[in-house]
Each structure stands twice: as structure tokens, then as C-alpha cells.
1. Quick check, is Thr259 open to solvent by 30 Å² or more (accessible area, probe 1.4 Å), within 16 Å of ligand 1 (Cβ to nearest atom), free of Cβ contacts under 8 Å to residues at least 12 places away in the same chain and on the phi < 0 side of the Ramachandran plot?
2. Test of understanding: among Glu252, Glu219, Glu199, which residue is outside any loop (DSSP other than H, G, I, E, B) and open to solvent by 10 Å² or more (accessible area, probe 1.4 Å)?
3. So which residues in segment 229-251 are within 14 Å of Ala198 (Cα to Cα), of a type in the set (Ser, Thr, Tyr) and out of contact with any Lys or Arg (no Cβ under 8 Å at 6 or more places or on another chain), if there are any at all?
4. What are the residues in segment 369-395 that are without any contact (Cβ under 8 Å) to a residue 24 or more places away in the chain and either touching a Pro at 6+ places or on another chain (Cβ under 9 Å) or within 16 Å of Gly112 (Cα to Cα) (or both), if any?
5. Does at least one position in segment 268-280 carry a residue that is among the charged types (D, E, K, R) and either more than 16 Å from ligand 1 (Cβ to nearest atom) or within 18 Å of Ala431 (Cβ to Cβ) (or both)?
6. Tell me yes or no: at least one residue of segment 331-339 is in contact (Cβ under 8 Å) with a residue 24 or more places away in the chain, part of a loop (DSSP other than H, G, I, E, B) and in contact with a Lys or Arg (Cβ under 7 Å, 6 or more places away or on another chain).
7. If we scan segment 459-473, do we find a residue that is more than 30 Å from Ala188 (Cα to Cα) and either in contact with a Cys (Cβ under 9 Å, 6 or more places away or on another chain) or free of Cβ contacts under 8 Å to residues at least 60 places away in the same chain (or both)?
Amino acid sequence: MVSTAAPIQIEDSVTEFLKPPRKMLIGGQWVSAASGKTFDTYNPATGEVLARVAAGDHVDIHRAVAAARKAFESGPWPDMVPADRAHLMWKLADLIDEHCEELAELETLDNGKPIFFSRIVDVPTAAQTFRYMSGWATKLEGNTIPISAPGAKYFAYTLRDPVGVVGQIIPWNFPLIMASWKLAPALAVGCTVVLKPAEQTPLTALRLGELILEAGFPEGVVNIVTGFGETAGAALAAHPGVDKIAFTGSTEVGKLIVTAAAGNLKKVSLELGGKSPNIVFADANMDAAIPGAANAIFFNQGQLCTAGSRLFVHNSVFDRVVDGVAQAAKKMRIGPGMDPATHLGPLVSKEQLDRVCGYMDSGVKEGAKAVAGGRKVSGPGYFVEPTILVDVKPEMKVVREEIFGPVVTVIPFRDTAEIIASANNTNYGLASAIWTQNFSTAHRVAAKLRAGTVWINCYNVFDSALPFGGYKQSGWGREMGHQALELYTETKAVCAQI
Ligand code: NAI
Ligand code: MG
């Protein structure tokens with residue numbers, strides 16, 4: 001049963017925002033889709049329509065790319081000094097903080113996540129991302145290069161140029177954070193952007209667009225086109241006027257992006273799926289490892305590319321850890337995100353609900369046993385129980401494929417060599433974690449894991465300064481940190497004979 005304690009009172013500004021069909025931001029103006037079409041976005045806690053949004057397609061993408069090109073080549077943006085770009089970004093961060101409650105409510109209503117997390121994770125992280133990246137605007141340095149070519153003297157140096165017009169396609173699991181991870185580094189270096197939010201969760205990006213205008217960004221620097229992946233997204237990935245495409249989402253669509261980008265060989269960065277190993281050694285501090293393993297898979301309803309979905313536990317402590325995580329699962333309060341007491345909200349959509357339930361069924365059919373959960377929660381809304389599967393085999397779909405729901409498979413191991421091989425036995429390589437009190441074990445295993453992130457005695461610790469991205473089919477490139485600047489700049493070598 002879904003808990004039905006009193007949800008919070010929605011702010012008036014949010015109620016007002018949800019009323020009219022929401023338009024798209026192109027060239028500094030709020031516009032309808034050229035086709036006049038709209039689509040509905042749903043409240044996943046009830047399955048009811050939440051708001052109506054412009055359904056942009058290739059025509060609107062074309063308009064937005066033209067606006068972004070114009071803003072990149074003329075107007076105030078290309079001549080703006082770095083300190084002024086930084087100032088605009090800092091102002092935007094302040095506006096995000098000022099509107100924290102409103103953004104948090106919109107995020108929870110649209111995505112389903114508990115309001116508690118929207119307030120303390122999603123909105124502050126978005127603000128912090130703009131602040132951190134704003135600092136790089138004034139620190140984009142090149143090098144001076146000693147030249148050995150004979151017969152003359154040279155003075156040579158490098159410049160970091162913005163790559164140009166950037167297309168950015170983002171998913172629905174952290175809508176506002178994903179918008180900030182994409183926009184902030186691109187704006188810091190002087191690019192202009194066409195952002196395509198996920199069709200499931202367009203609302204906070206649109207509110208962010210209003211704040212971007214309020215902060216004073218010149219028209220056309222940020223354009224936001226709402227619409228579906230197959231139409232708006234595909235048109236953006238293929239557009240010959242786009243210099244670079246940045247994508248976060250499924251590995252399947254990531255491959256389509258690469259193909260679409262081949263037309264004009266636009267630069268590509270991808271942050272894709274994961275099947276992250278979370279490894280508990282026998283000597284782990286269980287007071288940290290057990291709740292850590294539960295949070296690793298249940299945070300954000302498991303809709304996290306870094307979700308600790310393959311929990312490996314040393315066989316000597318297997319039962320204790322399984323029992324501990326199962327107890328944590330059973331204590332979780334499932335309910336609407338707008339209820340401040342909720343731990344686990346609904347999944348984002350009916351489609352995601354069906355997908356996750358399909359995986360739970362396939363796991364059990366292939367011989368896995370659910371020691372907690374395993375079912376959809378009855379009633380309206382897209383709720384599933386936090387689920388723990390044991391007796392799983394490496395070849396099962398639930399072990400190999402990204403589920404993107406609160407479903408963990410728990411697998412015993414005997415020794416370090418075995419666990420390294422099992423942990424790396426995946427097409428993905430996004431994140432991983434190790435729980436042990438042995439310093440040597442921790443760092444020896446960290447060195448061997450084929451993943452872009454290794455957490456030791458913690459999980460899901462993100463920071464604007466920590467590079468984030470995947471090995472193998474989890475993606476191309478690193479977001480965050482100074483590495484993110486590489487995604488949005490070209491290096492120019494200038495060589496002068498003196
Ligand atoms: P998706 O990859 O289809 O959607 C992500 C974004 O890509 C959305 O903005 C969507 O409109 C866009 N898109 C879809 N098809 C496109 C196309 N042909 N060309 C350009 N853009 C396109 O992901 P979906 O269908 O929402 O979820 C499916 C699975 O993907 C999930 O179950 C999960 O396993 C994975 N996923 C991973 C995410 C991550 O953070 N790495 C985020 C979201 C989903
Ligand atoms: Mg899809």
C-alpha cells in the first residue's frame with residue numbers, strides 16, 4: 001500500500017506555472033511549436049496529467065539552432081569578457097537558490113522523487129554546478145610551446161576556443177541537475193546551447209529558462225526545445241549546424257546519437273547506462289556498508305545511472321548483509337513524493353513501471369528469489385516495492401542489464417581475484433564501490449575496477465570538482481571537474497615566425 005499522509009501544500013507560483021501550456025525558449029522568446037502541437041506531462045504519483053508542454057520537432061530544432069548560431073557569432077555573447085560570463089552564471093545560481101522551494105516542488109511533481117531530496121539534493125546541486133563552473137570561465141588558459149623547427153625563430157601558443165553551438169539531450173531521472181551539468185560548462189567556456197529535456201520531465205528546465213532570462217543571459221545563448229526523443233532529439237543530434245552533441249540517457253539511444261552525429265562529424269560526449277558493482281568485504285564496517293548498500297540501490301527509486309545494482313558480498317557475511325538490506329527495504333515508506341515522510345516515491349512513468357516489473361518477473365522466472373519486494377504496489381501511480389533478488393546467476397538478464405529501478409541482485413564471492421573478475425564482467429563501466437577497513441584491499445581493488453568512479457566506504461558521492469563518466473559502454477568523456485571543459489572547447493595552436 002502507498003502511504004497517504006498529508007502531502008505538502010503546493011506553492012501558488014507552482015500552481016500558476018502548471019496552468020497554461022508551457023512554451024519553448026528560442027532566441028530569447030517563449031514560443032509554441034511551429035506545428036502548434038503539445039504533449040502532456042504526468043504526475044507519476046497519480047498518473048494524472050500535470051501540465052501541457054509544446055511538442056517541438058525538427059522545425060523548432062532548426063529555429064533554435066539558428067538562434068544559437070546567431071548568438072554565438074554576433075551580439076554581446078562572443079565579446080563578453082570571461083568575468084562577465086562568470087557573473088551571469090553566479091547570478092543564475094543565486095536565482096536557483098532563491099526559487100528552491102518552487103523548483104523542488106516542480107521537480108517532485110514531474111519526476112515523482114521525494115520532496116526531501118528535491119530540496120536538499122537536486123536544487124542545491126544545480127546551483128552549485130553553475131557556481132563551480134563559473135569559476136572556470138576566467139581560468140581557461142592555453143600554453144606557450146617551444147618550437148624546434150630549424151631555420152627560424154617562432155613564438156607558439158595554444159588558445160581554448162568554445163566548440164560552438166552545442167546540442168544537449170538530457171534524461172528524466174535528475175532533470176534539473178542534468179540541465180545544470182550540461183549547461184554550466186558549455187556557458188562557462190562561451191558556447192551557445194540548444195537543450196532538449198526529457199519528455200517525461202520538461203518542467204524544471206523550462207522554469208530554469210525563465211531564470212536564465214532573468215539573470216540577463218543574452219537572447220539565443222540558451223534555447224530550450226521540449227519534445228520527444230525520436231523527433232526533437234533525433235533532429236538535434238543530426239543537425240548540420242550543431243558543432244557538438246552531449247547526451248545522457250540509455251546506451252541504446254547513445255549509439256543512435258553517434259550514428260546521427262556522423263553526418264557532420266560533430267563532437268560527441270555520452271553519459272550512458274551502468275550496472276555498477278557494490279562490493280562488501282568481510283571486514284567492512286557493517287553499520288556503514290549495510291545502509292550504504294540500501295541507499296546505493298534505493299536512492300531516487302533506483303533510477304540512477306550509478307545505482308549499486310550488483311551487490312557483491314563476501315560469503316562469510318552474505319546472510320547478514322542480505323538480511324540487513326532486506327530490513328532497510330521493508331522499513332522504507334513508499335508514497336507520493338510530495339509527502340515529506342516518503343522515502344521511496346513512484347517511478348517516473350508507466351513505461352518505466354512496466355520495464356522494471358518486467359525485469360522483476362524475468363528474474364524470478366529465471367530462478368532468482370525475492371527476499372524483499374518483487375511486486376508493483378497496488379493502486380494508482382507508478383510505485384514498485386524495493387526489491388532484493390538472491391540466487392541469481394551471472395547470465396541472468398537481471399544481472400546483465402540496467403533495470404533502472406529499486407531492484408538489486410546480491411551475489412556472494414570468496415576472494416579478491418574472483419570479485420575483480422565478477423565486478424568487471426559487464427558491458428558497462430560507470431561506477432563501483434568497495435566497503436572494507438583494509439586500506440590495501442581498498443586501493444588494490446580500486447586500481448583493478450574498470451569503471452569511471454570508485455567509491456570507497458561511501459556511495460553516490462558527487463561533486464562539481466570530481467570528473468564523472470564511463471568506461472566501456474557507459475559513455476565517452478568526463479563531465480564535472482576541469483575535464484568538463486574539454487568537452488566544450490577546441491584547442492587552437494597559434495604559431496608565429498618571429
Ligand atoms: P532514453 O535514452 O530514450 O532518453 C533519454 C533522452 O534521450 C530523452 O531526452 C529522450 O527524449 C532522448 N531520446 C530518445 N530517443 C532519442 C533519439 N532517437 N535521438 C535523440 N534523442 C533521443 O531513455 P528512456 O527511454 O527514457 O529510458 C530507457 C532506459 O534508459 C532506462 O530504463 C535506463 O536504463 C536508461 N537511462 C539511463 C539514464 C542515465 O542517466 N544514464 C537516464 C535515463 C534512462
Ligand atoms: Mg527511450
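The values are calculated or read from the model by the stated rules, or taken from the named source; none is laboratory data. Being a predicted model, the structure only gives us computed values, none of them experimental. When we count neighbours, we look across all protein chains shown, and the Cβ atoms used for this are built from the backbone with ideal geometry, even at glycine. We work out accessible area using only protein heavy atoms, side chains counted, and drop any ligands, DNA or RNA first. Shrake-Rupley method; radii C 1.70, N 1.55, O 1.52, S 1.80 Å.
1. Answer is yes for this residue.
2. Selected residue: Glu252, the only one of Glu252, Glu219, Glu199 that is outside any loop (DSSP other than H, G, I, E, B) and open to solvent by 10 Å² or more (accessible area, probe 1.4 Å).
3. If the condition is that a residue be within 14 Å of Ala198 (Cα to Cα), of a type in the set (Ser, Thr, Tyr) and out of contact with any Lys or Arg (no Cβ under 8 Å at 6 or more places or on another chain), then Thr231, Ser250 are the ones that fit.
4. Lys376 - this is the single residue of segment 369-395 that is without any contact (Cβ under 8 Å) to a residue 24 or more places away in the chain and either touching a Pro at 6+ places or on another chain (Cβ under 9 Å) or within 16 Å of Gly112 (Cα to Cα) (or both).
5. yes
6. Checked segment 331-339: at least one residue is in contact (Cβ under 8 Å) with a residue 24 or more places away in the chain, part of a loop (DSSP other than H, G, I, E, B) and in contact with a Lys or Arg (Cβ under 7 Å, 6 or more places away or on another chain).
7. First, the residues of segment 459-473 that are more than 30 Å from Ala188 (Cα to Cα): none.
No, segment 459-473 contains no residue that is more than 30 Å from Ala188 (Cα to Cα) and either in contact with a Cys (Cβ under 9 Å, 6 or more places away or on another chain) or free of Cβ contacts under 8 Å to residues at least 60 places away in the same chain (or both).
To keep it simple, each residue is scored yes or no on (1) in contact with a helix residue (DSSP H, G or I) (Cβ under 6 Å, 6 or more places away or on another chain); (2) within 16 Å of ligand 1 (Cβ to nearest atom).
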site	(1), (2)
Ala152	no, no
Gly167	yes, yes
Pro185	yes, no
Gly190	no, no
Leu206	no, yes
